[in-house]
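Q: Quick one: the structure is below, questions incoming.
The values are calculated or read from the model by the stated rules, or taken from the named source; none is laboratory data. Computed from a predicted model, the values in this text were never measured in an experiment. Positions of Cβ are generated from backbone atoms using ideal geometry, with glycine treated the same way; all protein chains shown enter the neighbour counts. Side chains included, ligands, DNA and RNA excluded: accessible areas come from the protein's heavy atoms. Shrake-Rupley method; radii C 1.70, N 1.55, O 1.52, S 1.80 Å.
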Amino acid sequence: MLQGSRLRTLELLNAGMNSRSLAPLLEISELVTLESLNLLRNHADSRFVDQLLASPRLPRLRQLDLESNSLTPEGIRQLLTRPSFAKLRAFHI
């Protein structure tokens, strides 16, 4: 797909992303180099957060923007306490 490239930033603003559309995105192997993921104004809910947390493809993620989504306090707490997201420098909700 992006042969020889390093995907560092991905912005899917107001793209209608939900847990069903996120699943195939998280299968893309090039995400392992992703440092910034902006999902502003989508349909992120607790299932969406579960998928993000379970993905082994985001080890370098440093910035995550989930502002203007449908996150519950529990979903936010899950994100903040997950070891896989310990390297985040910026988290917007």
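Q: So, of the residues in the range 20-47 that are at pLDDT below 90 and of a type outside the set (S, T, N, Q), which turns out to be least open to solvent (accessible area, probe 1.4 Å)?
A: Per the stated criteria, the residue is D45.
Q: In addition: Could you check how many residues of the range 1-33 are closer than 20 Å to Q78 by Cβ and assigned to a loop (DSSP other than H, G, I, E, B)?
A: Number of matching residues: 3.
Q: Collect the residues in the range 48-59 that are open to solvent by less than 50 Å² (accessible area, probe 1.4 Å) and closer than 15 Å to P83 by Cα, keeping them in residue-number order.
A: Matches in the range 48-59: V49, Q51, L52, L53, S55, L58.
Q: Now, a different point. Please enumerate the residues belonging to the range 60-76 that are touching a Leu at 6+ places or on another chain (Cβ under 9 Å) and open to solvent by 20 Å² or more (accessible area, probe 1.4 Å).
A: R60, R62, Q63, D65, E67, S68, N69, L71, I76
Q: Can you report the number of residues in the range 1-19 which are of a type in the set (S, T, Y), modelled with pLDDT of 95 or more and surrounded by 14 or more Cβ atoms within 10 Å (Cβ to Cβ)?
A: Total satisfying the criteria: 0.
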